[in-house]
Amino acid sequence: MKCAMLYAPGRLEIEEVEIPNIKKGEVLVKVRAALTCGTDIKTYMRGHPVLIKKYPSPFGHEFSGVISKVGTDVKGFFPGMRVVAANSAPCGQCYFCKKGYVNLCEDLRLLNGAYAKYIVVPERIVNKNLLEIPDYISFKDAALSEPLACCLNAVEQSDISSNDTVAVIGSGPIGLFLTHLYHLSGAKVIACGKGKQRLELAKILGADFTINADEIEDEIGAVKSLSNYGRGADVVVEAVGKPDIWEMSVKMARRGGLVILFGGCPSGTSFSIDTSLIHYEQITIKGIFHYTPQLFKRALDLIASGKINTKAFISGRLPLEKLEEAFSLVKQKKGVKYFIDPFYQ
Ligand SMILES: [Zn+2]
Ligand SMILES: [Zn+2]
């Protein structure tokens, strides 16, 4: 079968390998849709401290497909079933799992290798994070469950009341998802980011206002002037992943507001903050990482409900051989996510 292997940051090969064998608790899935993700692009450019621990590594983590084989111990899943799998599953045994922070599991079982014709879903993911797709949902739409689950994590921890103003900083796939979800939860959304097309899309997805960071010098002033009579946004969400943008985002919140720092920055970086914002203005800063099995399930349910404008997120279909081209298109802000079809004809 064909599969993408990452040999080092910037070195990706499409190789011909054997279809993998499965063990007793595992499931072999024929990949029908793999989606490009901002994290994949970052990983491709600079590696990833959590997702890729050694090279060469299979690559890609947002996918759905059809079960081709199940191990002898697997219950409830059968060949021919349409499924979506998360790219991780918590252990359920460690300190954090027992405390209920399963997204912070010390022994998260990760899965890479969606950019291939077949992928083996490991036992723990089969048991905790493999879901059947309703037959009226397409493979590419179902594959959006993983990024959607991450974004739901942010939205559910924001405690939105209707008429709250939320500023979403960043107009990449995640920024657009957040814009959409905050809009659906009843907030007034200010989308602040780069790229005219992406900001147009933000409007389609529910942004009440857009701020083009390429054209405006004072983004903080612009966000503030649009929220609570100049006081700042009730909630600010950073979805860029750069320390200077983290710093800027904190200054956009109103007194007592919430700032969610969602975008992962390169390891070893730091940012500074005016102490008075924390004490006298009582701003809350929250980090959000990853998701839980419950959120993954809720994400698929939300897609199945038809409320998500899935079409807006998937910009085109390409064969596995054009994976690097897909990454470069997204980097140039041409399109949001690409549907990589390993069986493209
Ligand atoms: Zn992803
Ligand atoms: Zn754990």
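Things worth noting here:
- Test: Ala312 is crowded, with 21+ Cβ neighbours inside 10 Å and small (Gly, Ala, Ser): no
- Candidate set from region 139-168 (those that are among the charged types (D, E, K, R) and farther than 30 Å from Val31 by Cβ); member that is modelled with the highest pLDDT: Asp164
- Selected residue [surrounded by fewer than 22 Cβ atoms within 10 Å (Cβ to Cβ) and more than 28 Å from Lys242 (Cα to Cα)] from Glu123, Glu156: Glu123
- Reported count of residues in region 159-173, each being surrounded by fewer than 24 Cβ atoms within 10 Å (Cβ to Cβ) and in a helix (DSSP H, G or I), is 0.
- Whichever residue in region 58-87 is touching a Gly at 6+ places or on another chain (Cβ under 7 Å) and not hydrophobic (A, V, I, L, M, F, W, C) and, among such residues, is nearest to ligand 1 (Cβ to nearest atom): Gly60
- Inter-residue pairs, beta-carbon under 7 Å, first modelled with pLDDT under 85 and in region 39-54, second within 16 Å of ligand 2 (Cβ to nearest atom), 6+ apart: Leu51/Leu110
- Residues in region 88-109 include none that are away from ligand 2 (no atom under 16 Å from the Cβ), surrounded by 19 or more Cβ atoms within 10 Å (Cβ to Cβ) and assigned to a loop (DSSP other than H, G, I, E, B).
- For Val66, the requirement of being among the aliphatic types (A, V, I, L, M) and in the same structural domain as Asn212 (by TED's automatic domain parsing) is not met.
- Of all residues in region 314-345 being closer than 16 Å to Met5 by Cβ and hydrophobic (A, V, I, L, M, F, W, C), the one that is farthest from the chain's Cα centre (by Cα): Leu320
- Filter result for Lys297 (among the basic types (Lys, Arg), crowded, with 17+ Cβ neighbours inside 10 Å and in contact (Cβ under 8 Å) with a residue 12 or more places away in the chain): no
- Ser64 vs. criteria closer than 22 Å to Gly316 by Cα and either in contact with a Lys or Arg (Cβ under 9 Å, 6 or more places away or on another chain) or not aliphatic (A, V, I, L, M) (or both): yes
- Residues (away from ligand 1 (no atom under 16 Å from the Cβ), among the hydrophobic types (A, V, I, L, M, F, W, C) and part of a helix (DSSP H, G or I)) located in region 122-138: Val126
- Residues in region 1-58 that are loosely packed, with under 14 Cβ neighbours inside 10 Å, under 28 Å from Cys151 (Cα atoms) and of a type in the set (Lys, Arg): Arg46, Lys53, Lys54.
- Counted as qualifying within region 207-273 are the strands (runs of 3 or more DSSP E) with 3 or more residues that are more than 19 Å from the chain's Cα centre (by Cα) and touching a residue at least 40 places away in the same chain (Cβ under 8 Å), namely 233-238.
- In region 274-289, the residues that are touching a Leu at 6+ places or on another chain (Cβ under 8 Å) and either crowded, with 18+ Cβ neighbours inside 10 Å or outside any loop (DSSP other than H, G, I, E, B) (or both): Ile283, Thr284, Ile285, Lys286, Gly287, Ile288
The values are calculated or read from the model by the stated rules, or taken from the named source; none is laboratory data. This one's a predicted model, so the numbers in the text were calculated from it and none came from an experiment. Cβ atoms come from the backbone with ideal geometry, glycine included; neighbour counts cover every protein chain shown.
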